[in-house]
Every structure is written in structure tokens, then in C-alpha cells.
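K.L.:
Sharing a structure, written as C-alpha cells. Questions coming.
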Amino acid sequence: MKKSILILLSICFFLSGQNQLLAQKAKFKSKSAYIQKTRLPDNYIEPEKRTYDLYAQGSYSSQVDAHQKKIFGWKQDIDNPNVKGVVSIYGFSVDSPKVHSKKKTKKDDDGKVTDSWTEYHYTNSAKGRGTLYIYGTSNPFKYQDNDKPKKKSKYQEKQEAKAAADKKALADNPFLSSEDVEEAESDIGEDEGLDGEALPLLDRVSVDQTKEVKSKTFRSSSKAYADYKNNQRNKLYDFKSTYPNSAYRSAISRLNRMYGYAPVKERFSMKTMKTEKHPEYKTWNDACTAASTLFKTVKYNKSIDATSTKFDPIIKYFSEQVKKSNGDKKAKKLNKAAFKNLTNILFYLDRHDALIPIGKENLESKVLDKTAKRIVDKSKRLKAKLLFHKMKTCHVESAEEVAEDDIEVNEAEEDEDEESGN
């Protein structure tokens, strides 16, 4: 009898060890999933007051149709709109080309310089100028630290630094001839909003568009300039005819972020398992496939309630996987992958009341703490914004249809500490 018990215990220990080994070896990869949603705007205006009109003016405005696009979820009212968007498209300029030089050397195996030369290339840029004037009413969403002054983005800082550097370079550059300087073109008209407008001016936003070109690199500055002149310069002047529509699209996109309930396709990732010998391999990947398939059926303008309940078994499965692997040092990757799948599903279904407690439970975890904090903060903010817009989910039921190609794709931000392919 004792011998039989010892054998059974040995088998149990062996199987337990095998499971732990398999869990330790479990590897994962990211697979894209998509869901249609409505992007909630910065402002909430009562539905009966959501009327707007659009205008285009300026010396380049004849190239655009002001009503080509719209503010989603709003009605156009030419006579008495509550919001007016004025796109001023008023100027185009081409800078003088700028030469860049870099000294190069070639060394032998002993580190002795055997050859030296200078390489040259030319750069230049064109700018199409535009401004969006926004008139009307506002009721902005405010949440926690949103009232603090916003820092400039890295892109804004980079663009300002570049403009200052270019200006100084033109003044100091000994390589620019009078012909180069004369090549620069500037056609700047009046930048103005609506005269005598009764609605208050809410904001004035730059929608400038830029185009940059660069020649090939040569050991001769004259050859580098010839390449710029023959192959790159015309691209800047072609931009003159295309920039007005780009500025207009940028302006309408800004208006929709402020007021419109625009359809978007959110792209995020699910963690699928690569380790075929793992006991959870098939069930895990079946759950991921089912989730991705169900998300595809969700539409921005339809209720999500019926589809949401179909996720319940999938949510239960990944929740169990998180609990089973919590604290297991040999199952860190599985723990992180299960938590990511679980929280992503809950977040994109707008089940914030379920997600936030799960995130808080794992704030002290050495494995999940950073991810848990980010998802809790993200979920609390979206929950507050839904409440602000008097909505339960990011879906506005309507008969409005938008072509698939016209739906903007949003890329979800991945965790900073996440390793691709894990």
C-alpha cells in the first residue's frame, strides 16, 4: 500500500514539474485585433444644438470644397449654426535650398588615414499656410490633471527648432548664391476669419502643411545641387497644388476631434501562444481567435450589448489564467499575456466597472503592476468621458453609414516594457 502511495506521489510530482516547465517555456506573439467604435469628442453639446456650417476662404481656397466633409453626428445648418468652422488657406512659400557637408576619411588596418574627402547634399522645404477658425459654443471635458498647462509635444518643439535653425542657416550660409536666394518663392495672402461674426471665436488653429526634399549625396557640391535642381525642386512646386486639400482635411479632422462623433477602427493586440506543446495552447488560441472574430462584427453605429455577452466565456477563461499564474515565477510571460488579453477585451467592450477592480487588484504585483496602473488610469478616464457624454459605450446608434475606407484607424499604445514576440 505504501509503495502504491509513493508511486502516485511520484507521478503527481512529475506531472506538476512538467506543467511548471511547460508554463515556463510558454512563448507568445502579438496578433492584431480590430473593433469599430465612436471617438468621443473633446466637447459635449446637447443633441438638439448640434448644428454647424463650414467655410473656406483665402487666396488658395478655390481649390477645395468647404462641404466635402462633415462633422459626424451633427447636422449642417447654413442659416443658424451653433458652430462654424472657417478654413483659411492663404499662402505658399518655398525656401532657399541649403547645402550640407560632411568630412569623411578612410583608414588602413593600423588606423592611419589613407584618404579624405567631403560629401555634399542639398535640402529644401515648402510650406502651405492655413488656419482653422472655430466659432460657436464649447463645453470641454475636464479630467484630473487636464487643467494644467499642456507641454509642447516633441513634434512641435522639433518643428520650432528647425524653423529657427533654417532661418539662421540662410543668414550664415556662405554657399548660397544670389541665384539660390532668388529661387525662393513666397505667395502669402490674407489670413482672416469671418468679418462681423456674431458667434464668439473659440480657437485659431494652424493647419500649415510642409514638404521637404533631399538630394543624393555627392563628393561635389555642384553635382549635389544639380541633382536637387533636376530631381527634387519640382516636387516642392507640385506641392503648391496639393497642399490646400491637405490643409482642409487637417482642419476638418481637428473639428471632429473637438465636436464630432467620428467612426474609428481601433487596432490593438491580443497575445497568442506559440508553444504548441503547452497544455493551454489550443484553448488559449481558440479564445483569442473567437475574441478577434467577435470584435470584427462590432459596428460604430450599432449597439454592442448583444455581442458583448458573447465574450463572457472568453473573459472567464483569461481571468482564470491570470489567477492561476499569479505569483508563479515560472509563468511570468503567461501571467502578463493573460492579463493583457483580459484587460484589452474588457476595455474595448467598455466594461470599465469590471476592469478597474481587476486592475487595482494587481497594482501590488511585481509582474503586472506597471501594466495594471496604466490600464486603470486609462479605463477611469474613458469611463469619466462616457459619463460626461451621457453614454454607456463608445457607440452611437444611427442609420448613418460610412465607407470602410473612410474610417480612421487608431493604433493603440503598447506597454513600454512589453517585449514583442514574447
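The values are calculated or read from the model by the stated rules, or taken from the named source; none is laboratory data. Quick caveat: nothing in here was measured; it's all calculated off a predicted structure. As a convention, Cβ positions derive from the backbone with ideal geometry for all residues, glycine included, and neighbour counts pool all protein chains shown.
K.L.:
Go over the candidates THR275, THR283, THR293 one by one and state the one that is in a loop (DSSP other than H, G, I, E, B) and on the phi < 0 side of the Ramachandran plot.
P.N.:
THR275
K.L.:
Specify which of the listed residues (ALA372, ALA337, ALA354) is buried (at least 20 other Cβ atoms within 10 Å of the Cβ), outside the structural domain of PHE141 (by TED's automatic domain parsing) and without any contact (Cβ under 8 Å) to a residue 60 or more places away in the chain.
P.N.:
ALA372
K.L.:
Here is a follow-up. Report whether or not ILE78 is over 28 Å from ARG129 (Cα atoms) and either of a type in the set (Val, Ile, Thr) or not assigned by TED's automatic domain parsing to the domain that holds LYS240 (or both).
P.N.:
No.
K.L.:
Separate question: Scan the stretch 392-408 and report the pairs whose first residue is outside the structural domain of TYR300 (by TED's automatic domain parsing) and closer than 13 Å to LYS37 by Cα and whose second residue is surrounded by fewer than 13 Cβ atoms within 10 Å (Cβ to Cβ) and of a type in the set (S, T, N, Q), with Cβ atoms within less than 7 Å and a gap of 6+ or a chain change.
P.N.:
none
K.L.:
I'm trying to understand the selection: among the residues of the stretch 50-65, which are in contact (Cβ under 8 Å) with a residue 24 or more places away in the chain and either outside the structural domain of TYR135 (by TED's automatic domain parsing) or within 29 Å of the chain's Cα centre (by Cα) (or both)?
P.N.:
ARG50, THR51, TYR52, ASP53, LEU54, TYR55, ALA56, SER61, GLN63, VAL64
K.L.:
Scan GLU413, GLU364, GLU320 and give me the residue that is more than 24 Å from the chain's Cα centre (by Cα), part of a loop (DSSP other than H, G, I, E, B) and among the acidic types (Asp, Glu).
P.N.:
GLU364
K.L.:
Right, here's the next one. Return the total of residues in the stretch 212-231 being buried (at least 19 other Cβ atoms within 10 Å of the Cβ) and either among the polar types (S, T, N, Q) or without any contact (Cβ under 8 Å) to a residue 60 or more places away in the chain (or both).
P.N.:
Looking only at that region, the number is 1.
K.L.:
Kindly establish whether TYR52 is more than 30 Å from LYS390 (Cα to Cα) and among the aromatic types (Phe, Trp, Tyr).
P.N.:
no
K.L.:
Related question: Taking only pairs six or more apart or across chains, which ones have beta-carbon atoms under 7 Å, a first residue in the stretch 66-94 that is within 18 Å of SER206 (Cβ to Cβ), and a second residue that is basic (Lys, Arg) and not in a strand (DSSP E or B)?
P.N.:
Note: pairs meeting the criteria are PHE92/LYS240.
K.L.:
Specify which of the listed residues (LEU363, LEU342, LEU334) is within 22 Å of GLN36 (Cβ to Cβ), hydrophobic (A, V, I, L, M, F, W, C) and touching a helix residue (DSSP H, G or I) at 6+ places or on another chain (Cβ under 9 Å).
P.N.:
That would be LEU342, the only listed residue that is within 22 Å of GLN36 (Cβ to Cβ), hydrophobic (A, V, I, L, M, F, W, C) and touching a helix residue (DSSP H, G or I) at 6+ places or on another chain (Cβ under 9 Å).
Yes/no per residue for (1) closer than 23 Å to THR275 by Cβ; (2) under 25 Å from the mean Cα position of the chain (by Cα); (3) not hydrophobic (A, V, I, L, M, F, W, C):
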{"site": "LYS316", "(1), (2), (3)": "yes, no, yes"}
{"site": "LYS340", "(1), (2), (3)": "yes, yes, yes"}
{"site": "ALA372", "(1), (2), (3)": "no, yes, no"}
{"site": "ARG381", "(1), (2), (3)": "no, yes, yes"}
{"site": "HIS395", "(1), (2), (3)": "no, yes, yes"}
